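A quick write-up on the structure given underneath.
The values are calculated or read from the model by the stated rules, or taken from the named source; none is laboratory data. Keep in mind the model is a prediction, meaning the values are calculated, not measured. Glycine also receives a Cβ, built like all others from the backbone with ideal geometry; neighbour counts cover every protein chain displayed. We work out accessible area using only protein heavy atoms, side chains counted, and drop any ligands, DNA or RNA first. Shrake-Rupley method; radii C 1.70, N 1.55, O 1.52, S 1.80 Å.
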Amino acid sequence: MATRRRLLKMLAAAVVPVVGGAAWLLPRRANAYYRGPVSDHFDGERFFNPGGKSPKGLDQVLRLYAMENWIAWPAAFPSPHTDTPPPTIGTNRARLAFVGHASWLIQTAGLNILIDPHWSIMASPFSFTGPRRINPPGIAFDALPKIHAILVTHNHYDHMDVPTIARLWMRDRPLVVTSLGNDTILKTEIPDLDVRPVDWGDRIDLAGAVSVMAVPTQHWSARGARDRMHALWASFVIATPVGKIYAVGDSGFGDGGTFRRVAEAHPGIRLALLPIGAYEPRWFMMSQHMNPEDSVAAFELSGAAQALGHHWGTFRLTTEAHDAPAAALADALVARGIKSERFVAMRPGQVVEI
């Protein structure tokens with residue numbers, strides 16, 4: 001029994017960061033990350049999705065791992081692209097380089113901004129188990145220019161990679177902007193980190209005409225089995241001299257209201273970064289991750305002129321094939337009558353300029 005319980009705890013630690021459930025292993029503890037007033041998405045102890053759903057429980061996690069067919073992934077899925085970014089970009093342009101999974105380098109107006117930077121081999125609390133990278137980052141770490149700011153959408157291990165953030169802090173001393181509660185986690189590991197926690201609706205001015213605002217997204221958070229929903233999750237709208245960039249790390253589609261409200265509050269979005277992978281099976285993932293059809297609908301509702309698809313083909317998090325998201329995105333675009341160049345499934349190292 002003791003051995004089985006230890007194995008279950010290890011499974012929980014590996015599963016919780018990416019697919020949910022497993023808080024059943026230990027009694028919930030008081031929120032160790034955030035204290036603040038009750039709001040429409042914080043009940044005084046935990047954050048929640050207004051009108052949304054919570055992560056799955058033990059029976060559903062066991063069903064996912066024991067009864068679903070997990071399509072095998074290759075050991076390697078190399079990208080045909082690689083990037084060596086310039087030191088900076090001027091005010092009349094923005095350059096976006098896809099690092100891989102949910103990591104982006106945005107360069108504009110003399111600033112270099114990373115979103116959810118992840119250069120580690122594993123997306124896991126352990127070095128020996130969990131999702132393993134099947135392609136290298138599209139930019140070598142040593143090829144990165146000086147980083148001025150890091151945006152962290154939420155604390156799952158495939159998005160908040162503390163070792164990478166620590167490396168960047170030691171090298172460049174960037175400002176870190178992240179949703180409420182994640183600052184506590186990061187400061188525990190990197191005590192002198194310059195980190196600013198933001199609630200939905202908060203704006204941080206980075207420099208000149210560049211600012212970032214945290215906006216709602218339908219997701220959840222956890223670093224282990226006892227801290228579900230103790231920190232907030234968010235997407236970001238980044239204002240630049242060449243237009244607004246809407247960066248979504250993870251989100252369920254819900255009734256589409258998340259994206260309609262972004263369009264209303266931030267009209268004229270130039271570019272949306274939207275997740276298209278880690279979506280099967282739908283009975284488990286629908287409330288937390290969009291499939292490509294959802295992402296195309298989110299693109300239309302957001303009012304963005306163009307979209308780039310990410311969160312696919314790097315870490316095996318769910319049951320679909322490694323290349324299924326790109327094929328499904330192509331089908332969804334045809335079905336909606338949208339030209340393929342308006343919504344591209346990105347590969348690591350690929351670059352887009354606006």
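This table checks each residue for (1) within 21 Å of L206 (Cβ to Cβ); (2) without any contact (Cβ under 8 Å) to a residue 24 or more places away in the chain.
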{"residue": "P74", "(1), (2)": "no, no"}
{"residue": "T82", "(1), (2)": "no, no"}
{"residue": "P85", "(1), (2)": "yes, no"}
{"residue": "W104", "(1), (2)": "yes, no"}
{"residue": "D116", "(1), (2)": "yes, no"}
{"residue": "I121", "(1), (2)": "no, yes"}
{"residue": "S124", "(1), (2)": "no, no"}
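When G268 is tested against the conditions (1) at positive phi; (2) touching a helix residue (DSSP H, G or I) at 6+ places or on another chain (Cβ under 8 Å), the lone failure is (2). Mind listing whichever residues of region 235-249 are more than 21 Å from T178 (Cα to Cα) and assigned to a loop (DSSP other than H, G, I, E, B)? P241, V242, listed by residue number. Of all residues in region 84-121, those satisfying the criterion of being within 23 Å of W312 (Cα to Cα), open to solvent by 10 Å² or more (accessible area, probe 1.4 Å) and part of a loop (DSSP other than H, G, I, E, B) are T84, P85, W119, S120, I121.
For region 59-74, residues that are among the aliphatic types (A, V, I, L, M), part of a loop (DSSP other than H, G, I, E, B) and in contact with a helix residue (DSSP H, G or I) (Cβ under 9 Å, 6 or more places away or on another chain) total 1.
Being in contact with a strand residue (DSSP E or B) (Cβ under 8 Å, 6 or more places away or on another chain) and open to solvent by 40 Å² or more (accessible area, probe 1.4 Å) is the filter; apply it to region 145-183 and report the residue that is nearest to P85 (Cα to Cα). Here the answer is K146. Considering region 239-287, and only residues there that are among the β-branched types (V, I, T) and over 17 Å from M346 (Cβ atoms), the residue that is farthest from the chain's Cα centre (by Cα) turns out to be V242. Tell me, please, whether a residue that is open to solvent by 30 Å² or more (accessible area, probe 1.4 Å), part of a strand (DSSP E or B) and modelled with pLDDT of 95 or more can be found in region 38-58. Within region 38-58, one or more residues are open to solvent by 30 Å² or more (accessible area, probe 1.4 Å), part of a strand (DSSP E or B) and modelled with pLDDT of 95 or more.
A single member of M170, M229, M213 is part of a strand (DSSP E or B) and out of contact with any helix residue (DSSP H, G or I) (no Cβ under 8 Å at 6 or more places or on another chain), and it is M213. The residue that is nearest to E280 (Cα to Cα), counting only those in region 59-104 that are β-branched (V, I, T) and at pLDDT 95 or above, is I71. Scanning region 318-354 for residues that are closer than 29 Å to A123 by Cα, among the polar types (S, T, N, Q) and open to solvent by 30 Å² or more (accessible area, probe 1.4 Å) returns a single hit, Q350. Given the options D250, D227, name the one that is at pLDDT below 95 and among the acidic types (D, E). Only one candidate qualifies: D227.
Residues satisfying the criterion are absent from region 250-260 (criterion: touching a Leu at 6+ places or on another chain (Cβ under 9 Å), assigned to a strand (DSSP E or B) and either of a type in the set (S, T, N, Q) or open to solvent by less than 10 Å² (accessible area, probe 1.4 Å) (or both)). For region 139-157, state whether one or more residues are free of Cβ contacts under 8 Å to residues at least 60 places away in the same chain, acidic (D, E) and outside any helix (DSSP H, G or I). For region 139-157, residues free of Cβ contacts under 8 Å to residues at least 60 places away in the same chain, acidic (D, E) and outside any helix (DSSP H, G or I): absent. Name every residue in region 185-198 that is open to solvent by less than 40 Å² (accessible area, probe 1.4 Å) and part of a loop (DSSP other than H, G, I, E, B), in order of residue number. I190, L193 - these are the residues of region 185-198 that are open to solvent by less than 40 Å² (accessible area, probe 1.4 Å) and part of a loop (DSSP other than H, G, I, E, B). Scanning region 262-277 for residues that are open to solvent by 10 Å² or more (accessible area, probe 1.4 Å) and within 25 Å of E341 (Cα to Cα) yields A263, E264, H266, P267, G268, R270.
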